[in-house]
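What follows is a single structure, written as structure tokens, with notes after it.
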Amino acid sequence: MSESSKLTPATPLTPRKRALVIGASVGMGAALSRKLAKEGWSLALVARQKDKLNALCGEINADGERLALAYPHDVSKVKEVPALLQKIVSDLGGLDVVIFMAGVNYPPGGMDKYNFENDRQMVEVNLIGAMAWLTPIAEMFQNAKAGQIVGIGSVAGDRGRVANPGYNTSKAGLHTYLEALRNRLTRHGVNVLTVKPGFVKTEMLKAAAGATPFAIEPEKAADDIYNAMRRRKQTVYTPFFWAYIMQIIRHIPSFIFRRMSF
Amino acid sequence: MFNTFKQFENFGHSLNAPGYHILARTTDDIQSAFALAKKHGLTVTARGAGRSYNDASLNGGGIVLELSAMNLIQSWNPTTGVVRAESGVTLEQLWQKVEPDGWWPPVVSGTMKTTMGGCLSANIHGKNNFKMGVFGEHVIEFTAILPTGAEVTCSPKVNADLFYAMISGYGMLGIFTSVTLQMKRLHSGLLSVDAFPVPNLSRHLSALQDGAPDHDYIVGWLDTFAGGGSLGRGQIHAARYLHEDEDPKPQETMKLKNQVLPPYIFGVFPKSILYQFMKPFANNLGWSLVNLAKYVASLRTHTFRQAHAAFHFLLDYVPNWELSYGYGGLIQYQSFLPKETAEAAWTEIIALSRKRGLPSYLGVTKRHRPDKFLLTHAVDGFSFAMDFKVTPSNQSKMREMLFEFDKIVVANGGRFYFAKNSETTAETALAFYGEETVAKFKKLKKRCDPNGLLESDLYRRIFG
């Protein structure tokens, strides 16, 4: 193998899907990256935490063939995105799927607490960060008439609740943004998948306010996401039963919902 | 720049790689593509008609510079038969220009869709390789732009090292902008074709070898499904040009309307949808029946006259035939072997393919002679091309088998052709080229392209 930063090109008999995972170093991102590597995908892994990112890359590439490349990056630094994206696509030898996983959650810590700085950061990472990455990628996929965009939203984006207005907003915005992309891109053969996880046992969960029922392991969430990707679904809840729970929650009338402590 | 992103495929539809698409209309566009690549830290690959079976014109995540719009025939002299054409001119344009005046391109591929740039890059051969050599042997001179920005003119006398390396160089040293070629004189629009069967590989190869001196073209079809005593059976088509007095109406037979391939089969059925009807046959059973039927039909020995275009461009006879192979597409495995070892090696290869249950659907043989281009594929011997259907379930088995083929071919002094084989590794290439050739090529690469701007997926696979 040469000193090249690029992965070995695919051949007809060693075809490879190429994925870009943004927010790959921990939790669901790491679990999904491991899963994709196991399925033989080529991966570009982007995350802010350089040490964890390199460790994950090392772990994936330890079994012989180099499948993963690491790109330390903070998604709130939106100006870096176009050049970094170009480098990634060049190193991967193309791009088939992008998974936007990066997200932060800073609960205000009470129904009477407000913190604009935290809210702004959540919107900057969860929504603006996603838009900064997915805009040029949507443009590429539309022109290539192929590709898949996966955005990790949240059940928290389905309703504005008392506990965490900033987080709800960032995820609801992301859902709407992904829906708009879906409406634009489906006609060009591009699939846009919105994933809405319930509670997943990650670092983020430890910060969550209140009860966290039905929490699942990140590996289970990664399996669900991978299956939804393969089936080119549009929206998927993980685990699946959140679809029913959220169906109910979405239909609670406002005159009741605004009196609830949930 | 993101809005130029486009999906590119190879001819066999077996591999795709997206890249930034730039359509060059002038030589200035080529210069600016290099400048753009340098600015963005990207690489450039030239693409003509995209007719190679592998990754020669693919550049995943990089710039794909399409030259098909630079398609002007700049000059044509019907007295001397010398033509000068831009690199995006196709063989189709070329022969249609020169044939009515009584000339024919001395070397053509099995499809007329290939561009001059592609023909030079791969240094293509035809069914007359044993007699007329490769495409590059008929080049008087060419012009090209190197990644340094330098514009060069090369001929066998001027810049000879570049001449012999850029032709056969798969666009890895520079981008062709124009070529001056010598055409071959015709005395008729027809060829006289002898068709006869051969019962086994030994007779097949000796028919190619013995038939070659008396003919201008020779090609064999090999029934890849036959084993045992019939292994290597097939049919030979050997053709020769008509002499001056043989065709009573040369002006008539040379007319373009008597050359172009008909769009209908049996006069009524549109060929453009024929590939759809081939799909049900694109499996082991279907193609074994096709091969059997073809062998039975070939048992009749006969001689007939055929138009040049119909004889040469078999791959264009059914448009989009390659789509009949379905989702995974097809790959071609072509090996070139010296005449002394060919029979033993291919006996082993065909037997192995039968044993593994991975039969080739179509086998084609040719007679060859060596040439002095740097990355040459030809040998004093024969070539055997095998088409394989790729499916998700046969990929890894087939790859393993092709690596075994590679070992057999290299051990027998054989070579490969980079317009065809897609799985050849850097190690295998080093083994058949030899270290000296590879070192010489890499040295030239450094000289022509110090910043490493010209790269294709093929380049990365073989020289990366």
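Counting only DSSP beta bridges with both residues in chain A, the antiparallel share comes to about 5 percent.
With the simple spin-label model, which puts each label point 7 Å out from Cα in the Cβ direction, the B:Phe266 to A:Phe241 separation comes to 6.3 nm.
Temperature 10 °C, viscosity 1.306 mPa s: under these conditions the Stokes-Einstein estimate for region A:18-257, based on its Kirkwood radius over C-alpha pairs, is 88 µm² per second. The overall shape of region B:267-322, judged from the alpha-carbon gyration tensor, is oblate: a/c is not under 1.5, and a/b is no greater than b/c.
Placing unit charges on the Cβ atoms of the charged side chains and taking the dipole of the protein assembly as shown about its Cα centre, the candidate lying farthest along the positive direction among A:Leu20, A:Ala222, B:Gln182 is A:Ala222. When the alpha carbon coordinates of region B:73-185 are projected onto the principal axes, the ranges are 40, 28, 26 Å, largest first. Peptides B:205-212, B:301-308, B:172-179, B:353-360 ranked from most to least packed by the mean count of surrounding Cβ atoms within 10 Å: B:172-179, B:205-212, B:353-360, B:301-308.
Provide the net charge surrounding B:Lys255, with neighbours chosen by a C-beta distance below 13 Å and charges set as Lys +1, Arg +1, Asp -1, Glu -1. Neighbourhood net charge equals -2.
Translational diffusion of chain B, estimated by Stokes-Einstein from the Kirkwood radius over alpha carbon pairs at 10 °C in a medium of 1.306 mPa s, is 70 µm² per second. Charged neighbours of B:Thr391, selected by a Cβ distance under 13 Å, balance to +3 (K, R count +1; D, E count -1). Dipole size of region B:374-455 about its Cα centre, with +1 on Lys/Arg Cβ and -1 on Asp/Glu Cβ: approximately 280 debye, rounded to the nearest 20. Its relative contact order, with pairs defined as Cα atoms under 8 Å and 6+ residues apart, puts chain A at 18 percent. By the compact-protein rule of thumb, 2.2 N^0.38 Å, the alpha-carbon radius of gyration of region B:6-137 corresponds to a ratio of 1.13.
As a test, work out the antiparallel percent of DSSP beta bridges whose residues both lie in chain B, rounded to the nearest 5. For chain B, the DSSP antiparallel bridge percentage is about 90. Legend: calculated FRET efficiency, B:Asn283 to A:Ala180, from the Cβ-Cβ distance at R0 = 45 Å, rounded to 0.05, equals 0.55. Under 17 Å Cα-Cα from B:Lys127, which lysines qualify once same-chain neighbours fewer than 8 residues away are excluded? Within the straight-line cut-off, B:Lys127 pairs with B:Lys113, B:Lys184, B:Lys339, B:Lys366, B:Lys420. Kirkwood analysis of the Cα pair distances in the protein assembly as shown returns a hydrodynamic radius of 28.2 Å. Quick one: Debye curve from the alpha-carbon atoms of region B:107-149 only, equal weights, vacuum; give me log10 I(q)/I(0) at q = 0.13, 0.20, 0.32, 0.34 Å⁻¹ to two decimals. Rounded to two decimals, the profile gives -0.31, -0.64, -1.19, -1.26.
For the protein assembly as shown, adding -39500 (n - 2.57) for each run of n ≥ 4 DSSP H residues and dividing by the number of residues yields -10000 deg cm²/dmol at 222 nm. With each label modelled as a point 7 angstrom along the Cα→C-beta vector, the A:Lys113-B:Met1 pair spans 4.5 nm.
Placing one equal scatterer on every Cα of region B:124-196 and applying the Debye formula, the log10 ratio I(q)/I(0) at q = 0.18, 0.20 Å⁻¹ is -0.76, -0.87. The ellipsoid equivalent to the alpha-carbon distribution of region B:258-385 has semi-axes of 28, 21, 16 angstrom, derived from the gyration tensor eigenvalues as √(5λ) and listed largest first.
Calculate I(q)/I(0) for region A:79-191 by the Debye formula, one identical point scatterer on each C-alpha and no solvent, and give its log10 at q = 0.15, 0.18, 0.20, 0.21 Å⁻¹ to two decimals. Here log10 of I(q) over I(0) equals -0.68, -0.88, -1.01, -1.08.
Taking amide H positions as modeled 1.01 Å from N, with prolines and chain starts lacking one, the residues under 5 Å from B:Glu66 and 5 or more places away or on another chain are B:Ile22, B:Leu23, B:Ala24, B:Arg47. In this Cβ point-charge picture (+1 for Lys and Arg, -1 for Asp and Glu), the protein assembly as shown has a dipole of about 1880 debye about its Cα centre. Projecting the Cα atoms of B:Pro18, B:Thr365, A:Val75 onto the charge dipole of the protein assembly as shown, computed from C-beta unit charges around the Cα centre, puts A:Val75 farthest toward the positive end.
The three principal axes of the C-alpha atoms in region B:252-299 carry coordinate ranges of 43, 29, 14 Å, sorted with the longest axis first. With θ taken as phi - 60° and the Karplus curve 6.51 cos²θ - 1.76 cosθ + 1.60 applied, the whole-hertz 3J(HN,Hα) list for region B:33-47 is 5, 5, 5, 5, 4, 5, 5, 9, x, 10, 10, 10, 10, 7, 9 Hz, x standing for glycine and proline.
For region B:289-294, 3J(HN,Hα) computed residue by residue from phi via the Karplus equation (6.51, -1.76, 1.60; θ = phi - 60°) reads 5, 4, 5, 5, 4, 5 Hz, glycine and proline entered as x.
Centre-to-centre, using Cα atoms only, region B:15-67 and region A:91-131 are separated by 36 Å. Here the dipole of region A:183-248 is about 400 debye; that uses its Cα centre as origin and unit charges on the Cβ of Lys and Arg (positive) and Asp and Glu (negative). Distances between placed amide hydrogens fall under 5 Å for B:Phe8 paired with B:Ala17, B:Gly19, all partners being 5 or more residues away or on another chain. Of B:Ser335, B:Asn258, B:Gly169, whose Cα points farthest to the positive end of the dipole of chain B (charges on the beta-carbon: +1 Lys, Arg; -1 Asp, Glu; origin at the Cα centre)? Of the candidates, B:Ser335 comes out farthest on the positive side.
With coordinates expressed along the principal axes, the C-alpha atoms belonging to region B:190-424 extend over 54, 40, 38 Å, beginning with the largest.
Each reported figure results from applying straightforward, stated rules to the coordinates on display, with no laboratory input. Please read these numbers as outputs of a predicted model, since none were measured by experiment. Positions of Cβ are generated from backbone atoms using ideal geometry, with glycine treated the same way; all protein chains shown enter the neighbour counts.
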